[in-house]
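Worksheet for the structure shown next.
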Amino acid sequence: MFKKIILFSILLTLTYGFWLSSDFKEISAGVAIFLFGMLSLEEGFKAFTGGVLEKLLRRTTDKTWKSLAFGVVSTAAMQSSSLVSVITISFLSTGLIGLTAGIGIVFGANLGTTTGAWLIAAFGMKVNLASYAMPILVFGVIGVLQKPSPLKGLGYILTGLGFLFLGIHHMKEGFEAFRDSIDLTTYAIEGYAGIVIFTVIGILATVIMQSSHATLVLIITALSSQQITYDNALALAIGANIGTTVTAIIGAMSANIQGKRLAAAHFLFNFITAALAIIFIYQIGALVEWLSALLKISDSNYILKLAIFHSVFNTLGIIIMLPFINKLADKLKIIMPDEPLNREKSLYLSNSAIELPDTAITAVRKETLHLFDNAFTVIAHGLNFHRTDILSDRNLGDLNVNSATLVPINFDAEYDRTIKSLYSDIIHFISRAQINMKPKQADQLFALRAAGRDIVEAIKDTKHMYKNLSKYIDSDNQYIRGEYNRLRLQLGKLMRELSYIRNNVDDSASLLSFDSLKLDMEVNDSTTNGELEHLIRENKLSAQMATSLMNDSTYAYSIASKLIEVGEVLFVESDSSMKDTEKDIALTDEEVAEIIAEDSDMNKGKSV
Amino acid sequence: MKFPKLVKVTRKVLSDTKQAAREREKNLREIQRKLEKKGRKLQEKLEYAQDEESEKSISQKISVVNAQLKKVAKELGKLHQDDAE
């Protein structure tokens, strides 16, 4: 409701402003076109990089200085700190980078964004940008209409640049025309009062436009048209730095606790830097004068001086805050503690990850592993094991089972509580994420979706099996009791092997590790079927018992094969060329059958 | 396509194929090393197996590793044959 009132008030003020002054209309149109250009530029970089940025980010965040450099370079190259922030938040949310690295990137992005002021100050005010904007826009739109992703991305980048140029041109024109009717410098306020008031105006302008870049361009164009004083422009730039954190805070609202911590660090950095800049504004001003003289910038070139000021106070902020980056991260972890692990809620599927294909895939993989963990508990209980029993070294066969020790489980309630909503979150996320993906990435997502479906199917099979298992596990008939006990033991051992493969730290999980599980599964199935035939022949089982056991051995086989398939998709993270080679070496069903036949022949030979 | 460009493209394709073969050989050697290590560990385990059931289970695992090693050797042989040709 509050948001709607604010939006309505802004629209009303703008409409009144448009009616009052055509120059105000031109300036506002310039800002709107500039913001649209930034959106287009971001869209282009997203399509154009095709995961390059994500790969770079993954490799360059092991040391703080690398994270910082990544923040500076990527923001300077893309001229969008918000895109870098969004990527950083999504990486943090999915656990691909740590908080310290994230904070380093955000610090760097703050410095990288100052390059925009340099570019506009150095070229934007001297050149007639509109004359370049038109042809760039034409080439850009042709690119946008193309199908191949890189061309489309390039098209968006060019269109973005075109709109940025056009926006700056209109802002410049508007301010120059404004100068003829009103002199805004008459509203200039001297001293610290002016600094504080204009800082607040800078904050508000950035919050409304959701872009410090746009605010800065507005400040530079107003300054170049002498509509604001240099001192007030400095204060506005400080305000823009604080205002930009609001965008990050809004972005972090949908992120997990890590994203929220990063937004808090971003706010703290910008707030402390701004506070220092206000307190020492005259000293920093003197430093700017000295640097300007060193760079041979004329005394009256306030635009370039503003760009220097913007860079200097952000650099000072980094120099002051960088030594405390680890302490800041630790403090934030204490102030904003980890949320208790919620089995029912998704942990990694954040909106910020959707836009980045590789990150989205990692998020889905982690969430499906979360689903697997929940299913592991449900299936273990369905087999009358405690999860801890399976994960321990205890001999599963030694655990005494009877109706008194049955693990109580309500499958439907457990399914609704820990599986259903999580699974539907994953499916919903996949359907949204796959739109931006290349065929190879979409294949990975498809495999993960299939793994999720297999997990759910395995639970359903366990539920079917549980009905007879709980009935016959305590039966007076020792044969049926023994057979059901064997089925649950086989599955319990398989689950233990799977968790061993997953957690094997000495040797990363390999596709080849699953071959012996497949062999076990086939051997178990054939043993159960052989034993069943034998018991029927010997009249040891009633017809009803035999039918139940026959059905349930099929369920057990299905659970085993689904869990193995899930493991193959979720646990193996080797690079794609290694995975391809492993696929070629992994045994086929026929080869597994051959080994079983050879072993059986050998055993027969031994017994003879 | 002009002749120099055709030569350039052919050279690139050939070098890509060679690089892919080199990468595959590297992967196969890595798999072979890991499987041999796994096989040795299983053999040691087999010697200390305490009951028939675990002996059978370990023997099965050794059979799987041996079958996989055979496939690796076959693939490596194929690669060397292609190289010779």
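Here, each number is a calculation from the coordinates, and none is a lab measurement. Not measured: the values here are computed from a predicted model. We place every Cβ from the backbone using ideal geometry, glycine too, and count neighbours over all the protein chains shown.
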The farthest towards the positive end of the charge dipole of the protein assembly as shown, of the residues A:320, A:165, A:354, given +1 on Cβ of Lys and Arg and -1 on Cβ of Asp and Glu, is A:165
Computed from the beta carbon distance with a Förster radius of 25 Å, FRET efficiency for residue A:193 and residue A:315 to the nearest 0.05 stands at 0.35
Honestly region A:317-436 on the Cα gyration tensor test (a ≥ b ≥ c root eigenvalues; a/c under 1.5 rounded, otherwise a/b vs b/c for prolate or oblate) is just oblate
What helix-only [θ] at 222 nm does the protein assembly as shown give? Using -39500 (n - 2.57) per DSSP H run of at least 4, over all residues, to the nearest 500, the answer is -27000 deg cm²/dmol
The protein assembly as shown: Kirkwood hydrodynamic radius (Cα pairs, Å) comes out at 30.1 Å
Which of B:38/B:78; A:366/A:440; A:438/B:74; A:440/B:8 exceed 26 Å between C-alpha atoms? The answer is A:438/B:74; A:440/B:8
Inter-chain shielding metric for B:57-70, i.e. average beta-carbon neighbours from other chains within 10 angstrom, reads 5
Proxy exposure order for A:132, A:466 (fewest C-beta within 10 Å first) is A:132, A:466
Taking Cα atoms only, helix A:515-537 is inclined relative to the longest principal axis of chain A by an angle, in degrees rounded to 10, of 30 degrees
Under the 7 Å Cα-to-Cβ spin-label approximation, residue A:407 and residue A:208 lie apart by a distance in nanometres of 6.0 nm
Taking A:502, A:394, A:496 and counting other beta carbon atoms within 10 angstrom, the fewest-first order is A:394, A:502, A:496
Quick calc, region A:390-493, dipole around Cα centre from Cβ unit charges on Lys, Arg (+) and Asp, Glu (-), nearest 20 debye, gives 340 debye
Final fewest-first order of A:378, A:196, A:106 on the 10 Å Cβ neighbour count is A:196, A:378, A:106
The lysines whose Cα lies under 25 Å from the Cα of residue B:45, excluding any fewer than 8 residues away in the same chain, are A:493, A:518, A:604, A:606, B:34, B:37, B:56, B:61, B:70, B:71
One checks the Cα atoms of region A:454-536 and finds Rg and Dmax, in Å, of 15.2, 46
